[in-house]
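Reading through the structure tokens given below for one structure.
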């Protein structure tokens, strides 16, 4: 990750670093960024009003939509969170994971994921 790395505060469990690539506010918020999760790190439950697309670039990811089973993804896999659908995502326990995130719309945070 390059020089413009942000360490998100709150709404994450474990160590996470983000490098924004593009942000657009009109006509709707769109954010594109690389996000690197250390082993076992993950987001809290959240939803995006316009949805989210994740492309795993390296490592192994875990993600879950509300009331659905956990999905395991590897480099090259992608997953889409539908608009307004509550979900979380992060790295598996075996090593770090980096994904490209395309986020559309407003973001709403909920609580941490219960193990």
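The values are calculated or read from the model by the stated rules, or taken from the named source; none is laboratory data. What you see is a predicted model; the values in this text were computed from it and never measured. Note that each Cβ is placed from the backbone with ideal geometry, even for glycine, and that neighbours are counted across all protein chains shown.
Some notes on this structure:
- Verdict on residue 84 being more than 14 Å from the chain's Cα centre (by Cα) and either buried (at least 16 other Cβ atoms within 10 Å of the Cβ) or on the phi > 0 side of the Ramachandran plot (or both): yes
- Check on residue 13, under 19 Å from residue 95 (Cβ atoms) and touching a residue at least 40 places away in the same chain (Cβ under 8 Å): yes
- Positions within the stretch 58-80 being surrounded by fewer than 16 Cβ atoms within 10 Å (Cβ to Cβ) and either in contact with a helix residue (DSSP H, G or I) (Cβ under 8 Å, 6 or more places away or on another chain) or touching a residue at least 24 places away in the same chain (Cβ under 8 Å) (or both), in sequence order: 58, 78, 80
- Test: residue 83 is in contact with a strand residue (DSSP E or B) (Cβ under 6 Å, 6 or more places away or on another chain) and either part of a loop (DSSP other than H, G, I, E, B) or modelled with pLDDT under 95 (or both): no
- Cβ-Cβ under 6 Å pairs, at least 6 apart or on other chains, the stretch 37-50 side modelled with pLDDT under 95, far side part of a loop (DSSP other than H, G, I, E, B) and surrounded by fewer than 19 Cβ atoms within 10 Å (Cβ to Cβ): none
- Take the conditions (1) part of a strand (DSSP E or B); (2) more than 14 Å from the chain's Cα centre (by Cα); residue 76 misses just one of them, which is (1).
- Complete set of residues in the stretch 16-36 that are farther than 19 Å from residue 75 by Cβ, touching a residue at least 60 places away in the same chain (Cβ under 8 Å) and outside any loop (DSSP other than H, G, I, E, B): 30, 31
- Filter result for residue 101 (free of Cβ contacts under 8 Å to residues at least 40 places away in the same chain and either surrounded by fewer than 14 Cβ atoms within 10 Å (Cβ to Cβ) or not in a loop (DSSP other than H, G, I, E, B) (or both)): no
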